[in-house]
1. If you scan region A:229-242, which residues turn out to be of a type in the set (Ser, Thr, Tyr) and at the interface with chain B (Cβ under 7 Å from one of its Cβ atoms)?
2. If A:Val207 passes every condition in (1) within 30 Å of B:Pro445 (Cβ to Cβ); (2) within 14 Å of chain B (Cβ to nearest Cβ) but one, which one does it miss?
3. Of all residues being hydroxyl-bearing (Ser, Thr, Tyr) and within 13 Å of chain A (Cβ to nearest Cβ) in region B:589-616, which is surrounded by the most Cβ atoms within 10 Å (Cβ to Cβ)? Just the residue, please.
4. Looking at B:Ala789, B:Ala764 in this structure, which one is closer than 27 Å to B:Asn564 by Cα, in contact (Cβ under 8 Å) with a residue 40 or more places away in the chain and in contact with a helix residue (DSSP H, G or I) (Cβ under 7 Å, 6 or more places away or on another chain)?
5. Select, from A:Glu142, A:Glu165, the only residue that is surrounded by 23 or more Cβ atoms within 10 Å (Cβ to Cβ), over 17 Å from A:Gln238 (Cα atoms), within 14 Å of chain B (Cβ to nearest Cβ) and not aromatic (Phe, Trp, Tyr).
6. How many residues does region A:97-123 hold that are surrounded by 23 or more Cβ atoms within 10 Å (Cβ to Cβ) and in a helix (DSSP H, G or I)?
7. Hey, any hits in region B:704-715 for a residue that's closer than 26 Å to B:Thr602 by Cβ and outside any loop (DSSP other than H, G, I, E, B)?
8. What tally of residues in region B:262-275 results from selecting those that are hydroxyl-bearing (Ser, Thr, Tyr) and more than 9 Å from every other protein chain (Cβ to nearest Cβ)?
Amino acid sequence: MAAALAIAIHPNSSLEFTCRRRHAIGMSVKHIYVLLLTPLLSITNAVAGADEYTLQRQQMISEIEGDVEITAKYLNKKSFDASVIQAIKAVPRHEFVPPDLRAEAYENRPLPIGHGQTISQPYIVALMTDMLQPEPGQTVLEVGTGSGYQAAVLSQLVAQVYSIEIIEPLAQATTRLLKQLGYNNIETRIADGYDGWPQHAPFDSIVVTAAISHIPPPLVKQLKNGGRMVIPVGTRFQTQYLTLVEKDMQGKVTTRQLLPVYFVPFTGGH
Amino acid sequence: MFKLAGNRYPTAPLVSIFILSAAALAYEVLLIRLFSIIHWHHFAFMVISIALLGYGASGSFITIFRRRMLEHYDVVYIANTVLFGLSSIACFIAVQRLPFNALEILWDRSQWQRLFISYLLLTLPFFFVANAIALTLMRFHKKISLVYGVDLIGAGFGAILVMVLLQQFTPVTMVRVLAISGIAAGLFALLNLASANRKSIASLLFLCMLAVYMTPQKWLELRPSEYKGLTQTLQMKGTSLLYSHSSPVSQTDVVQSTFIPFRNAPGMSLQSKAETPEQLAVFRDGDEMTTIDHVTDRNALEYHDYMSSALPYHLHGSPQNLLILSAATGASILQADYHEVPQVDAVEPDEQLSLLITERFADYFGWNRQQSKVTIHTITPRGFAASENSYDLVVMGPSGASSGGSAGVHALSTSYDYTVEALQSYLKLLAPEGLLSITMWTSTPARGNLKLFTTAVEAMRNTGIGHPENNIAWIRSWNTATLILKKTALSPEEINSLREFSISRSFDLAWLPGIGPEDVNQFQLLQEPVFYLTARSVLEEHAKDAKASFVQQYKFDIRPTTDNRPYFNNYFRWSSFEEFLRMPGQVGISMTGVGYPTLLFTMVQASVAAVVLILLPLLLVRTGKDKAGKKIVAGKRKNIIIYFLSIGLAFLFIEIAFIQKFTLILSQPLYAVAVALCAFLIFSGLGSLYVQRCMESAEFSTIPVLLRRSVLLIAIIAILYIILLPMLSSKIMALPESLRIISAFIIAAPLAFVMGMPFPLGMATLQQNSPHLMPWAWGINGCASVLSAILAVLLAMEIGFNGIMLCAVILYLIAWSSNRM
C-alpha cells in the first residue's frame, strides 16, 4: 500500500506530517520541510484546520476540569474561570515540549524540557493562572520563563507579559519559540528575577517559578496594591504547595500556603 | 578454556577470600556513596538493597548448577573473582549511561524499565562474589567455619578500609581500586594452584587489571541528576565550581556566582530593608544548598536580624555566652556576631564544613573577626550536650535546605539531635534565665515543627517543668518557625519583646503565654492555624489529662521522637495512607514524602525477589534426597528455610540496632558505622574460627549441641544488652573519644563472637545431612540479610531499636527451635 501523506496545519503554528506508514518518510526530509515551512507558518495563528492535537487538548481540559473539584473547597469555586480554560485551549502545548515528547504533551503531567527544567503539569498551570485572577489590560511579570508555556497561557488573558529567565540557552530558545509562535505580547529577558523588572513595574500579578529561600522584597514592591503573586514550591516534578502573596489596597502583604488538593490535616475533618 | 588441577588444592584460597570479601563490602558502601551523589540517598538505599539480592541469586544458581561448578571449582572460582572485578566497573558505567530520572518515576512508565535494568546490572558484581564464596564453602566443606570466618573478617576490614580510603580518594578512583582488588583476589587464588596454565591465567588477569586501569576517566565521571541543586546552579551564567571535597559521608562542593548573587536568607522578613551580602553556595551531595557569607563589616550582617531565628537575641537582654548546635557554614555564628555575643561555642560534626569557614574560605568568611570569640567543636550536638557547661543562649538550625525542596527524602535517616532525650540535655545546658531556641523549616501541611513541639513539651515535662505553657514561645515566618524554651516562665518584658519583634517583621505568633486565637494567623495565613492548635491541644491536654487526642487525630506522625525511635523526619501514618493514595496528580507522594514509600516499595520488591529466589531451586532441583539416599521430607526443608531465614534476619537486626546505639555513644555517625560493621564482622569471624576449632577437636554429634547453645546464648546476651545498654550509654558518652571507641568494641565483642557461630554450624549440619542444599541455605541467608536491612528500618520507625533487638531475640529462639535440619 502506498504511503498516504497528509499535511495538517495547526491553528497556532507549525506543520505536522502524519503518515500511515510514518517510517516510510526519512526523518531528515521531514525536518527539512519543517525548517523551511516553520517561519511561514508563524503567521498562521488564525488559520483554522484539522488539528491532530485538538482532541488531545480537549481531553486534557476535561482532566483539568475534573481536577478542579479537588481544590474547589478552598478556591471557593466549582470551576476555573472560563477565560482561563479558554486560554489553555488556545495554547498548543506540544510546541513547548521537546519534539520526542510531543506525543505526551497533552497528558496531565510535567515533562522534562532539558537544562534540568520542566514544563509544569497543565492542571498546576491552570490553577496558578486562575489564582492570579488575570484580566484584560493587565501587566504580568513571570520569573522563570522555562518552556514559555505559562507565559503563553497568560498572554491570552492579559495585555502584556514580561518574563525573566536565568538560564541563558533556555531563555534564548524560548524567546525564539515565542516569537515564532506569534506571541507578540510577551517580552523576555535574561536576568536575575530577584530584582524583578523595575522599568515595567508595577505589575498586576507576578508568577515566580524559581526556587527561593525568601519572598524577594523587590518583587513585593513591584506588585500593585490589590495585586497577587503565586509561587509554587516543590521539586521539578512535584508541586508540593503554592504560596499566594496578596497585597491589599492599603499595601498590607499577607501570604497564604495552598495545597494543590483540598486537605484537612485532622482525622474526620475539623 | 583453561583446565586447572581441580583436586589439587592444598588449602582453601583464604587470602583470596579475604580480599574478595573486603572488596565486595567496600563496593557496597561505595555504591551507596556514588548513587547518593548521582541521585538521592533514599534511592541509593533502594537500588543497593535490591542489588545485594545477588547473594540470594547466587544460592539459587549454584543449587541448580552445583555439580558442574564444583567439578571445575578452580576455573569457576577465578572466573567469578575476575567477573566481580570487571562487572563492578562495567556495570557502574552502564548504569550511569541509562537515561534514568528517579523524580519522574511516578509519571513515566519507561523509567521502570530503566530501574529494572539498573537492578540487574548492579546485582551482577554481588552475584559473582557470592558464587566464589559459596563454592569455596562447599568445596572445602571440612573448613566451612574457617572459610566463613575469613569471609567475615575480610568484610570487616573492607568496612574500615573503604572509610579510610574514601578520605583520601574520590569515589570514582575507588571504583577502579576495587575492581583491581577483585581481580587481584583471583591472582592470589592462583598461588594455590598447581597447574601448567598458571602463567597464562596470570597474564590474562594482569591484562584485565590493565584494562581496568586504562578505562578512560571520562567513562567513569559522575553524571549527577540534572535536577539536583548543584547541576542546576552550575547552569547559571557566571557560576563556577571553586572547591570540591569527597569524604566517606558526603561530597562537599563550593560554587561562586559572579553574575547573579545567591541571596540565601531562609525566611527573611518581607519588612527587611537589609540586603544579603555576596555569598558562596555550599552543596552536600549536590543538593541542600547552604551559603557562606562574604563578611566585610557588621553592616553586611544586618539581614540576620530579620530572620525568625534572631528572636532569642531580642528576648535575652545581653547574652554573655552562646552555644550553637550544628554551625554548618557559619550563618548562626554571624547572627551571634551581629548581636555582639562575646563568647561562642559552635558545634559541627562535619569537619569539612567547619574547615570551609576556618581555613579554605577563612578570609571570605572573615574568620579573623570571629576566631577570638568563637570555638568550633567537631562533635555531634548530643555529644557536646553531655558536657557540664552553662549558656545564656543555646541555638539550633535551620539546617540544610528548605524541606520544600527535599520532599521528605530524609525520612529514612535517624537523628539524635531532636529527640526528647536530646532536648532534655540541651535544657540542662541553660543558665537559670537562659533560652533554648530551635529554628526549623516549615512545610505544608505542617509536620516537622509540630513534631518538634510535641517533643519539646515532653522533654520539658520530663525535666520537671510542670507548666510548660508559660515557658514556651513559638513564632513562624513564611518558611521557618522558631521555638523558644526556657526553664522558668517567660517574663512580661520578654513577652512584650516577642510581640514587638514578630509584628515589626510580619512574623506570626504561634504560641506565647496568654495567647488567644485572635493573635494568630495574621501574616502567613494557613488554612487552619495548625501551629497554634497543636500548641494549645498539647499544652492543655496535659492539664485535662486527656489521652493525646490531638496528636492521634493528626494525619501525620507528630508523636514525640525518642532515642529509641529517632526518625524525626518520618511523618508517615498508615491511617492516612489510603487518603494520600487516592489523591490525583501524584500529590499524595508529596504528602507522605518520598522516603517512606520508597522503603515500602523496596520491601515489596525485595520480598517478591526473595520468595522467587528461595523457591525457584526447589522447583528446579531434581533430587530431593539426602546424603544417605533418603528422601528429604518437607518438614526438613521448612526447618532449613526457617533456620537460615531467622539467623540472617536476626544478625542484621542486631548489627543495625548497634550502629544506632554507637551513633549515640560515639557522637559521630561515621565512626558508628565503621566501628559497628568492623566489630561485628571481625568478632563474628573470630566466632566462626572458634567453631572450626571446636569441630576439628570434637565429634560431629557436638555440632547440634553447639548450635543450640550458641543461638540461646545470643538471645540471652541480647536481652541483657536491651536492659543494660541505656544505662551504659550515658556513662560512656561522658568518656574521652578513644575510650568511647574502645568501649564500643568491648560491648560488641561478646555478642558478635557468638553471632558468628550459627551460620557455619547450620551449614556443617547440612553438609552432614543434605550437602546439595548448602547453596540453597546460603541463598536463603543472603536474601534474609537484604530483607533484614529494609525491615529493620520499617520496624524501628514503629517499635524502636530496642524492639528490633527483641525481634532478633525472638528470631534466634525460632532458629533454636528449628535446628533439626
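1. Those that are of a type in the set (Ser, Thr, Tyr) and at the interface with chain B (Cβ under 7 Å from one of its Cβ atoms): A:Thr235, A:Tyr241.
2. Every condition holds for A:Val207 apart from (2).
3. Restricting to residues being hydroxyl-bearing (Ser, Thr, Tyr) and within 13 Å of chain A (Cβ to nearest Cβ), the top hit is B:Ser590.
4. B:Ala789
5. Details: A:Glu142 fails: within 14 Å of chain B (Cβ to nearest Cβ).
Being surrounded by 23 or more Cβ atoms within 10 Å (Cβ to Cβ), over 17 Å from A:Gln238 (Cα atoms), within 14 Å of chain B (Cβ to nearest Cβ) and not aromatic (Phe, Trp, Tyr) holds for just one of A:Glu142, A:Glu165, which is A:Glu165.
6. 2
7. Among the residues of region B:704-715, not one is closer than 26 Å to B:Thr602 by Cβ and outside any loop (DSSP other than H, G, I, E, B), which makes the answer no.
8. Here the count works out to 0.
The values are calculated or read from the model by the stated rules, or taken from the named source; none is laboratory data. Small disclaimer: the values here were computed from a predicted structure and weren't measured. Backbone-built Cβ (ideal geometry, glycine too); neighbour counts: all protein chains shown.
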